[in-house]
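The values are calculated or read from the model by the stated rules, or taken from the named source; none is laboratory data. Because the structure is a prediction, the values reported are computed rather than measured. Glycine gets a Cβ as well: all are built from the backbone with ideal geometry, and neighbour counts include every protein chain shown. Each accessible area value is taken on the protein alone, full model and side chains, heavy atoms only, with ligands, DNA and RNA left out. Shrake-Rupley method; radii C 1.70, N 1.55, O 1.52, S 1.80 Å.
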Number of protein chains: 2
Amino acid sequence: MIIDCHGHYTTAPAAHQAFRDQQIARLKDPSLPPSRPAKISDDEIRESIETNQLKLQRERGADLTLFSPRASAMAHHVGTEATSLEWTRACNDLVKRVVDLYPENFAAVCQLPQSPGVPIDRSIGELERCVLEMGFVGCNLNPDPSGGHWNAPPLVDRHWYPFYEKMVELDVPAMIHVSASCNPNFHATGAHYINADTTAFMQFIEGDLFRDFPTLRFVIPHGGGAVPYHWGRYRGLADMQKRPALAEHVMRNVFFDTCVYHQPGIDLLVRVIDVGNILFGSEMVGAVRGIDPETGHYFDDTKRYVDALDIPAGEKRRIYELNARRVYPRLDAALKRRGM
Amino acid sequence: MIIDCHGHYTTAPAAHQAFRDQQIARLKDPSLPPSRPAKISDDEIRESIETNQLKLQRERGADLTLFSPRASAMAHHVGTEATSLEWTRACNDLVKRVVDLYPENFAAVCQLPQSPGVPIDRSIGELERCVLEMGFVGCNLNPDPSGGHWNAPPLVDRHWYPFYEKMVELDVPAMIHVSASCNPNFHATGAHYINADTTAFMQFIEGDLFRDFPTLRFVIPHGGGAVPYHWGRYRGLADMQKRPALAEHVMRNVFFDTCVYHQPGIDLLVRVIDVGNILFGSEMVGAVRGIDPETGHYFDDTKRYVDALDIPAGEKRRIYELNARRVYPRLDAALKRRGM
């Protein structure tokens, strides 16, 4: 079984974005009528999924995608806490409908209602709603709700602890995922995303978060940002900071996906990172859409790179399936209930 | 000949830092007497160099280091424009003395007097002083003088053009190098440095800087940040943005050093990046000081990794010498004057 741990609903029907546009317009002009989540038919959802994510899943040979709202559209920096909550609920509700329509192909991961300066315990209600009432198996946590100004406390700060306590209680992991950048220095998918991955990992080295939360689990997407390429630097910095070896200090709790869009990158990832810490992911559809002229295949068809790895089949199965089931126990339980 | 393009005077005598401390103290208490650059003897400089950079150069087999002031101490966010200029001149003067004492072992690269919100043309005077009066061959340009708040315009913005015009006129390259981080999210050498490298490269993809300045040259240190590991992503993003291929759009003007502290990282770098764009560098002494328990050698002994590459000797010579002489023509001219 092949589980893609990193897919977004980047192809939601246009009415969903129209709702968001109205919501933002009303922030500027409160005299406008209140926006309401779009009425979207099942057929519209089917159309948006079957011509995109489901088509690619079938063509490329994946079985199930951990599916969350479009990351770049979370835009936690827009509007108020109420704005963020309303938008987040609409996004999560839509993902839930996708999963209900295609329960064998998708499992749901939720966006969180975060806002700059708002305590993180205000995000707990939506996590509980998604996990306990709607069967979601994980969440996306934004370490920089400001969208590129980086003025929240680091992830190892106690600011975040109430949320971590709930994650541990519910036994759900978080993918660390920033959203759009409103800082002109940072291109979203080319700089902000990758920087956030790198930044989060270094914060985990500097802190002692996993001593306080031994069962807390994070997926750092995009192949761990710059970390595997600079694995010697990070091992050396942990040593300079008198931390335990990374295998003990961080890598019991942190996992990288395979959203690295060329063979040499995936080869490096598997060469330096323990296979038990790698989860298959593609980030499709959308971050990089084109065909690689060097290969003739889509950049984001990451399954080709993993398939091409010169490692035993049992190791590939860990990357494709077993690690995801271990990191997302609610997914594992749901699959077992289906006899898988 | 082996040229290390990336070395810092991280071991300057303590009196130099004492001057800086006094300078900062006076920012808080203007009643203190004006600080003056430290009186440091030649013997003190010799001691600081011979027991550190020169010793390591000899032990590891490099011949010449492009030597600049300690990057993390530039701290352009501290104080005013006058603070930054005074500190920068003192730092550059000290590097000049090192080069005068060891002209065969070091060539000078200057720090710039930058400050948040101050136009970049105010940095030109010090560049001219260093290059024209003191024989410096390059400079370190900080894309984020705020120290982790990233509120300057992107490097492709016309804000920076007056400085680029001077770089072109003087025919000197810049290494893009941030300094200390005053943002608690960003560890300096573990996040801020690597993020800046990644960020700068993506800015170059988004802009058309090298159409306006076809001979402008930048070295992106630390192996290009996350870029080589995500080379497929960057090729794909350039394509999505309807830019020319990276070889034409960026890589005529941008070079990566080899400050990547393990063999798999260097192997990847050389596998994906044209050898003509790679300059040997070590970043020593200081970013990562320890010994890698996996190899028994210092993490930052990057020459070992390059030596171990399975590429022809002629290609290694490009990485070790020829590329540096091409990117730093004033270094090449100085070497030729010495018959080298």
Item to check | Coordinate range along principal axes, alpha carbons of the stretch B:212-255, Å, largest first | outcome: 25, 25, 12
Checklist outcome for this item: If each part is reduced to its alpha-carbon centroid, the stretch A:284-336 and the stretch B:1-37 end up apart, in Å, by 50 Å
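Show me the GluC sites (Glu not before Pro) within the stretch B:75-137 that DSSP assigns to loop and that have at most 13 other Cβ atoms within 10 Å of their Cβ. Each step should come with its number before you reach the end.
Working: sites: B:81, B:86, B:104, B:126, B:128, B:133; in loops: B:104.
Within the stretch B:75-137, the qualifying GluC sites (Glu not before Pro) (loop, at most 13 other Cβ atoms within 10 Å) are B:104.
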Item to check | For residue B:142, distant residues with modelled amide H under 5 Å away | outcome: B:177
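Taking square-rooted eigenvalues a ≥ b ≥ c of the alpha carbon gyration tensor, is the stretch B:1-54 rounded, prolate or oblate, where a/c under 1.5 means rounded and, failing that, a/b exceeding b/c means prolate? Display every interim value, and only then the final one.
Working: a/c = 4.14, a/b = 2.26, b/c = 1.83.
Judged from the Cα gyration tensor, the stretch B:1-54 comes out prolate (a/c at least 1.5, a/b above b/c).
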Item to check | Highest-MSF residue in chain B out of B:18, B:287, B:200 [GNM, Cα springs under 10 Å] | outcome: B:18
Checklist outcome for this item: With +1 at each Lys and Arg Cβ and -1 at each Asp and Glu Cβ, the charge dipole magnitude of the protein assembly as shown around its Cα centre, to the nearest 20 debye, comes out at 20 debye
Checklist outcome for this item: Given unit charges at Cβ for Lys, Arg (+) and Asp, Glu (-), the dipole magnitude of chain B about its Cα centre in debye, nearest 20, is 280 debye
Checklist entry - For the stretch A:104-198, what class follows from the C-alpha gyration tensor (a ≥ b ≥ c being the square roots of its eigenvalues): rounded when a/c is under 1.5, otherwise prolate if a/b is larger than b/c, else oblate? => result oblate
Checklist entry - With springs only between Cα atoms under 10 Å, which of A:301, A:43, A:144 fluctuates most in a Gaussian network model of chain A? => result A:43
Checklist outcome for this item: Heavy-atom accessible area of the protein assembly as shown with neighbours in place, 1.4 angstrom probe: carbon+sulfur share in percent works out to 50 percent
Next on the checklist: Given the options A:173, A:213, A:195, identify the residue whose Cα lies farthest towards the positive end of the charge dipole of the stretch A:140-228 (+1 on Cβ of Lys, Arg; -1 on Cβ of Asp, Glu).
Outcome noted: A:195
Checklist entry - How many percent of the alpha carbon pairs in the protein assembly as shown exceed a separation of 45 Å? => result 21 percent
Next on the checklist: Name the residue from B:232, B:308, B:118 whose Cα lies farthest towards the positive end of the charge dipole of chain B, charges +1 on Cβ of Lys and Arg and -1 on Cβ of Asp and Glu.
Outcome noted: B:118
Next on the checklist: If R₀ is 45 angstrom, what is the calculated FRET efficiency for the pair residue B:51 and residue B:121, using the beta carbon separation as r and rounding to 0.05?
Outcome noted: 0.70
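When the chain is fully extended, how far beyond the present Cα-Cα distance does residue A:44 get from residue A:333, taking 0.36 nm per residue of separation? Please report the intermediate quantities before stating the final value.
Numbers: separation 289, 0.36 × 289 = 104.04 nm, distance 3.01 nm.
Fully extending the segment from residue A:44 to residue A:333 adds 101.0 nm.
What percent antiparallel are the DSSP beta bridges of the protein assembly as shown, to the nearest 5?
On the way: 2 of 42 bridges.
Taking every DSSP beta bridge within the protein assembly as shown, about 5 percent pair in antiparallel fashion.
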Item to check | Residues listed by number, the stretch A:97-112, amide nitrogen under 18 Å from residue A:58 label point at 7 Å toward C-beta | outcome: A:98-107
Item to check | Nm distances between copies for residue B:333, ranked from closest, using label points 7 Å along Cα→Cβ | outcome: 7.2
Item to check | Spin-label model distance (nm) - residue B:32 vs residue B:242, 7 Å beyond Cα toward Cβ | outcome: 5.6 nm
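Just to be sure I follow: if Rg is taken over the C-alpha atoms of the stretch B:268-340 and Rh is the Kirkwood radius over the same atoms, what is Rg/Rh?
Numbers: Rg = 14.3 Å, Rh = 13.8 Å.
We get a ratio of 1.03 for the stretch B:268-340.
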Next on the checklist: 5 Å is the cut-off here: which amide hydrogens, built 1.01 Å from N in the peptide plane, fall below it relative to residue B:106, excluding neighbours closer than 5 in sequence?
Outcome noted: B:65
Next on the checklist: If every alpha-carbon in chain A counts as one equal scatterer, what log10 I(q)/I(0) does Debye give at q = 0.12 1/Å?
Outcome noted: -0.82
Item to check | Area accessible to solvent at residue A:260, 1.4 Å probe radius, in Å² | outcome: 0 Å²
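For a test of the definition: using alpha carbon positions, the gyration tensor, and the 1.5 limit on a/c, classify the stretch B:36-153 as rounded, prolate or oblate.
Details: a/c = 1.96, a/b = 1.83, b/c = 1.07.
In terms of gyration-tensor shape, prolate.
For A:240, A:284, give me the order by solvent-accessible area with a 1.4 Å probe, most accessible first, ignoring ligands, DNA and RNA.
Values: A:240 75, A:284 15 Å².
From most exposed to least exposed: A:240, A:284.
Per residue of chain B, what 222 nm ellipticity follows from adding -39500 (n - 2.57) for every DSSP H run with n ≥ 4, rounded to the nearest 500?
Computed ellipticity for chain B at 222 nm equals -11000 deg cm²/dmol.
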Checklist outcome for this item: One can check that the equivalent ellipsoid of the stretch B:72-118, built from the alpha-carbon gyration tensor with semi-axes equal to the square roots of five times its eigenvalues, has lengths in Å, largest first, of 25, 9, 7
Checklist entry - How big is the charge dipole of the stretch B:206-263 about its Cα centre, in debye rounded to the nearest 20, if each Lys and Arg gets +1 on its Cβ and each Asp and Glu gets -1 on its Cβ? => result 100 debye
Item to check | Position residue A:308, label points 7 Å along Cα→Cβ, spacing to each other copy in nm (shortest first, one decimal) | outcome: 2.4
Item to check | Spin-label pair residue A:313/residue B:100, simplified geometry with 7 Å Cα→Cβ offset, distance in nm | outcome: 7.2 nm
Next on the checklist: Just to be sure I understand: with springs between alpha-carbon atoms less than 10 Å apart, which residue in B:25, B:226, B:75 has the highest mean-square fluctuation in the Gaussian network model of chain B?
Outcome noted: B:25
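How much of the DSSP bridge set in chain B is antiparallel, in percent, rounded to the nearest 5? Mind dumping the intermediate values first?
Values: 1 of 21 bridges.
Here the share of antiparallel DSSP bridges comes out near 5 percent.
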Checklist outcome for this item: Calc'd 3J(HN,Hα), the stretch A:292-306, phi into Karplus 6.51 cos²θ - 1.76 cosθ + 1.60 (θ = phi - 60°), Hz, glycine/Pro = x, comes to 6, x, 6, 10, x, 10, 4, 3, 8, 7, 6, 4, 4, 5, 5
